[in-house]
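Colleague: Please find one structure pasted underneath; my questions will follow.
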Amino acid sequence: MAGYVVAGLCSQWRASDGFRTWRFRCAHALEIAGELRRVTRLRTSPASWIFSKAERIAVPAPGVLVVRLQFPWRRFPYALTTVAAAPRDVAGPFRLVRGSRNRVELARNGIRLVFRRLSGIAVLRALGRGELDEAPVPLGDVGLFRTDPATLRVRSLLAIDLVSFRAGAVPQDVRRVYWQTADRSDYQALVAQGGAALAFGLAGEAAKEDPAASRRARKSIPSLPSLDVRIAVPHDSTLQYGVRLLYAQWRDLGLGPRLVATGDRAEADFRRASAAYPQEEALLGSLGLATGLGDDDQRGAFERLDADLRRSADVIPVCWIADARWVSPRLRGWSEDVLGDVDYTRVTIGS
């Protein structure tokens, strides 16, 4: 939960060849190797970018996993903490009692966990009836719970909402105007509800808002070519709600955004990028922007990347993500990490 690599399926690891070759001692080395090879073939997997960089995945001896990489990667052991690296047939700390699309029941040491899929209004009703011990707060309803800080937990995550332009689809001067005029403040207030920070970069010491640059961008709009910029939006109610705030601002300024469904022809994409493990490099890697992976201190590489992205305006960072959850006071030891994960093995139930 603190963001450090600890022994789990693998108990030891060491690097050689300048952090290009990693050797792990694992109880289920064959199963893990098979899972890593499978993920390299799944281009839509959130972890595909990690393991596609492997030149070789082998088990040269029982209990020994060797991964040979294309380049130095100092923090590669974090890769094996991702869900995608876990063999599906290896038992975890909880036993699956029963499961379906809308309900999963787990058990461990006399403790029963039941996860239910509920709509936003159903969550509020279930909370009102005392039927839940933990629940994500529905979009727009955080204010209902702020009077009780003992039960409202808001956690900033290593995830960000952004617009990315497809290569060669939109001229740079148009992209830069979209970047400078994105309505981040309304997005933060209405979607993140003040629980997350405005985003002006993806990593490093991100630049702050520049009101003068925004004013110049607004004045330049009449001189820009009249272009429809189709922005593909995934089928996600939160993202669809949020992107309409950006859309309204850009339309009011005289720009030509159009919102289309994912899969339709588009010049840009609106998406939520999230890290697969608790390091900034994992967030960048999910966007195809892996940099400085072999560096002990990546700060300089991150800042150069952010500066390049601000100049090119290929990516418009909008807002960092915060997860708001209602957590019953009787759940002791409950905490959430920067990936939005909770270690339920540490949770006990009080009276």
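Colleague: Out of all the residues in region 291-308, is one or more closer than 30 Å to D343 by Cα, open to solvent by 50 Å² or more (accessible area, probe 1.4 Å), assigned to a helix (DSSP H, G or I) and not hydrophobic (A, V, I, L, M, F, W, C)?
Modeller: The answer is yes, given that some residue of region 291-308 is closer than 30 Å to D343 by Cα, open to solvent by 50 Å² or more (accessible area, probe 1.4 Å), assigned to a helix (DSSP H, G or I) and not hydrophobic (A, V, I, L, M, F, W, C).
Colleague: Please work out which residue is farthest from the chain's Cα centre (by Cα), limiting yourself to region 260-290 and to residues that are of a type in the set (A, V, I, L, M) and assigned to a loop (DSSP other than H, G, I, E, B). Reasoning before the result, please.
Modeller: Start the filter on region 260-290 by keeping residues that are of a type in the set (A, V, I, L, M), which leaves 260-261, 266, 268, 273, 275-276, 282-284, 287, 289-290.
Narrowing further to those that are assigned to a loop (DSSP other than H, G, I, E, B): 266, 275-276, 287, 289-290.
Details: A266: 23, A275: 4, A276: 7, L287: 10, L289: 14, A290: 15 Å.
That would be A266.
Colleague: Continuing with this model, one more query. For region 10-46, which positions are aliphatic (A, V, I, L, M), touching a Phe, Trp or Tyr at 6+ places or on another chain (Cβ under 9 Å) and modelled with pLDDT under 90? Break it down stepwise before answering.
Modeller: Within region 10-46, the first condition is being aliphatic (A, V, I, L, M), and the residues that meet it are 15, 27, 29-30, 32-33, 36, 39, 42.
Applying the additional criterion that residues be touching a Phe, Trp or Tyr at 6+ places or on another chain (Cβ under 9 Å) yields 15, 32, 36, 39.
None; the set is empty.
Colleague: Now, a different point. Please work out which residue is farthest from P171 (Cα to Cα), limiting yourself to region 190-233 and to residues that are open to solvent by 40 Å² or more (accessible area, probe 1.4 Å) and in contact with a Lys or Arg (Cβ under 7 Å, 6 or more places away or on another chain).
Modeller: L198
Colleague: Considering only region 87-115, state which residues are open to solvent by less than 70 Å² (accessible area, probe 1.4 Å) and aromatic (F, W, Y).
Modeller: Listed by number, the list holds a single entry, F94.
Colleague: When you look at Q172, is it farther than 30 Å from C10 by Cα, open to solvent by 50 Å² or more (accessible area, probe 1.4 Å) and over 21 Å from the mean Cα position of the chain (by Cα), yes or no?
Modeller: Values: farther than 30 Å from C10 by Cα: yes; open to solvent by 50 Å² or more (accessible area, probe 1.4 Å): yes; over 21 Å from the mean Cα position of the chain (by Cα): yes.
The answer is yes for Q172.
Colleague: Next up: Only one of (1) assigned to a helix (DSSP H, G or I); (2) open to solvent by 30 Å² or more (accessible area, probe 1.4 Å); (3) within 30 Å of R20 (Cβ to Cβ) is not met by Q249, so which one is it?
Modeller: Among (1) assigned to a helix (DSSP H, G or I); (2) open to solvent by 30 Å² or more (accessible area, probe 1.4 Å); (3) within 30 Å of R20 (Cβ to Cβ), Q249 violates only (3).
Colleague: Return a yes/no flag: does region 133-147 have any residue that is loosely packed, with under 14 Cβ neighbours inside 10 Å, among the small types (G, A, S) and either in contact (Cβ under 8 Å) with a residue 12 or more places away in the chain or in contact with a Lys or Arg (Cβ under 8 Å, 6 or more places away or on another chain) (or both).
Modeller: yes
Colleague: Here is a follow-up. Output the number of the condition that G110 fails; it satisfies all remaining conditions of (1) at positive phi; (2) in contact (Cβ under 8 Å) with a residue 24 or more places away in the chain; (3) not β-branched (V, I, T).
Modeller: Only one criterion in (1) at positive phi; (2) in contact (Cβ under 8 Å) with a residue 24 or more places away in the chain; (3) not β-branched (V, I, T) is unmet by G110, namely (2).
Colleague: Now, a different point. So the check is Cβ under 8 Å with 6+ separation or different chains; which pairs have a first residue in region 261-284 that's open to solvent by 10 Å² or more (accessible area, probe 1.4 Å) and a second one that's of a type in the set (F, W, Y) and not in a loop (DSSP other than H, G, I, E, B)?
Modeller: E267/F165; P278/Y78; Q279/Y78; E280/F302
Colleague: May I pose another question? Among the listed residues A261, A307, A313, which satisfies the condition of being farther than 14 Å from A47 by Cα and either touching a Lys or Arg at 6+ places or on another chain (Cβ under 6 Å) or among the basic types (K, R) (or both)? It would help to see each step written out before you state the result.
Modeller: On the way: A261 fails: either touching a Lys or Arg at 6+ places or on another chain (Cβ under 6 Å) or among the basic types (K, R) (or both); A307 fails: either touching a Lys or Arg at 6+ places or on another chain (Cβ under 6 Å) or among the basic types (K, R) (or both).
Just one listed residue meets the conditions, A313.
Colleague: Ok, one more. Only one of G34, G63 is surrounded by 13 or more Cβ atoms within 10 Å (Cβ to Cβ) and in contact with a Lys or Arg (Cβ under 9 Å, 6 or more places away or on another chain). Can you tell me which?
Modeller: Among G34, G63, only G63 is surrounded by 13 or more Cβ atoms within 10 Å (Cβ to Cβ) and in contact with a Lys or Arg (Cβ under 9 Å, 6 or more places away or on another chain).
Colleague: Out of all the residues in region 119-170, which are at pLDDT 90 or above, in a loop (DSSP other than H, G, I, E, B) and touching a helix residue (DSSP H, G or I) at 6+ places or on another chain (Cβ under 7 Å)?
Modeller: Residue satisfying the conditions is L132 alone.
Colleague: Looking at region 290-311, which of its residues are at pLDDT 90 or above and in contact with a Leu (Cβ under 7 Å, 6 or more places away or on another chain)?
Modeller: If the condition is that a residue be at pLDDT 90 or above and in contact with a Leu (Cβ under 7 Å, 6 or more places away or on another chain), then L305, D306, L309 are the ones that fit.
The values are calculated or read from the model by the stated rules, or taken from the named source; none is laboratory data. Source: prediction; values computed, not measured. A quick note on method: Cβ atoms are made from the backbone with ideal geometry, for glycine too, and the neighbour counts reach across all protein chains shown. Just the protein is used for accessible areas: all its heavy atoms, side chains included, with ligands, DNA and RNA removed. Shrake-Rupley method; radii C 1.70, N 1.55, O 1.52, S 1.80 Å.
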